[in-house]
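Here the structure is laid out as structure tokens; the discussion comes afterwards.
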Amino acid sequence: MTLTAYLVAAFAGVLTGISKSGFAGGLGILGVPLVAVFMSPQAAAVLLLPILIGIDVLSVWRYRAAWSIHTILSLLPGAMLGIVLGMVSFSDLDPDILRLGIGLMALGFVGIHLRRGRDPVLADARPNGLKVFFASALSGFAGFVAHAGGPPIKGALLAMRFNKTAFVATNSIFFFTLNVAKGIGYASLGLFSSDGLLNSLLLVPFLFLGVWLGFALHARVSQQRFVQLAYALLAMAGINLVVLGLASLVSG
């Protein structure tokens, strides 16, 4: 890995650490696209996975008393199905189509939120079991192939209206489980190498920096502002994915 690629990966690690530990994702979805400038999206996904697991471990420990076991149990079946589908199509999937689809879904969640704010009838709506299953399956699939599983789950959890700490805690447990399963899948496909794991290890200091900043920001942001920021980050992630997907498709 070149020095430039290392610095970009380090920046992605800090950004992901802040996002996942403080606001349950959002900007963290930029990690793979940033690093993929210097390597294939698949290689970028493999490089960042150990870092993501490290962030999840720290977040799970910090918020260990706040997560919802009922929600996690409802999310895991779809997520595991998505991971299996991701393993089958990892080498053949067009990542631009995936980015575009997930970006549109993320913007759809934001649009629903904005509409709810203007409609008192919709304000009490909660996602049903089928929507939750679909969101978790898409999260597992997109997470396996490009670490882009955040928007579907983030949108579903935001619609459940957890308080900010329960939201981050439940998200952390879910993605810790998901990322460990992805790691087993990557290993079964022979995607890890000693050089790649060493490169991941060199990014660990930036993991700690990002997580520390995320914890600090989480403690200082009110519930109302947290929800506003979470949806803003979700919108930014959605726009980023749509732009990247369309630009790549148009350029051929």
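A few remarks follow.
- Matching entry among Ala235, Ala247 (being farther than 27 Å from Leu3 by Cβ and either among the basic types (Lys, Arg) or at pLDDT below 85 (or both)): Ala235
- Filtered by the rule that a residue be modelled with pLDDT under 90 and more than 16 Å from the chain's Cα centre (by Cα), segment 37-63 gives Val37, Phe38, Met39, Ser40, Ala43.
- Residue that is surrounded by the most Cβ atoms within 10 Å (Cβ to Cβ) [pool: residues in segment 63-74 that are part of a helix (DSSP H, G or I), touching a residue at least 40 places away in the same chain (Cβ under 8 Å) and out of contact with any Gly (no Cβ under 9 Å at 6 or more places or on another chain)]: Thr71
- Within the set Phe162, Phe167, the sole residue that is closer than 24 Å to Gly108 by Cβ, assigned to a helix (DSSP H, G or I) and not hydroxyl-bearing (Ser, Thr, Tyr) turns out to be Phe167.
- Subset of segment 167-211 (residues that are more than 22 Å from Leu81 (Cα to Cα), among the aliphatic types (A, V, I, L, M) and in contact (Cβ under 8 Å) with a residue 12 or more places away in the chain): Val168, Ala169, Leu197, Leu201, Leu202, Leu203, Val204, Leu207, Leu209, Val211
- So Leu81, is it surrounded by 17 or more Cβ atoms within 10 Å (Cβ to Cβ) and hydrophobic (A, V, I, L, M, F, W, C): no
- If the condition is being of a type in the set (Gly, Ala, Ser), modelled with pLDDT of 80 or more and either under 17 Å from the mean Cα position of the chain (by Cα) or surrounded by 14 or more Cβ atoms within 10 Å (Cβ to Cβ) (or both), then segment 217-232 contributes only Ala232.
Every residue, every condition in (1) modelled with pLDDT of 75 or more; (2) touching a Lys or Arg at 6+ places or on another chain (Cβ under 9 Å), yes or no:
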residue: Leu3; (1), (2): yes, no
residue: Leu30; (1), (2): no, no
residue: Thr71; (1), (2): yes, no
residue: Ser74; (1), (2): yes, no
residue: Ile83; (1), (2): yes, yes
residue: Ser91; (1), (2): no, no
residue: Asp96; (1), (2): no, no
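- Answer from Leu201, Leu244 - the residue that is touching a Pro at 6+ places or on another chain (Cβ under 8 Å) and surrounded by fewer than 14 Cβ atoms within 10 Å (Cβ to Cβ): Leu201
- Going through (1) at pLDDT 80 or above; (2) of a type in the set (Gly, Ala, Ser); (3) not in a helix (DSSP H, G or I) one by one, Ala156 falls short only on (3).
- Restricting Phe133, Phe141 to those that are buried (at least 22 other Cβ atoms within 10 Å of the Cβ) and at pLDDT 80 or above reduces the list to Phe141.
The values are calculated or read from the model by the stated rules, or taken from the named source; none is laboratory data. Keep in mind that what you see is a predicted model, and the values were worked out from it rather than measured. Heads up, the Cβs are rebuilt from the backbone with ideal geometry, glycines too, and the neighbour counts pull from every protein chain shown.
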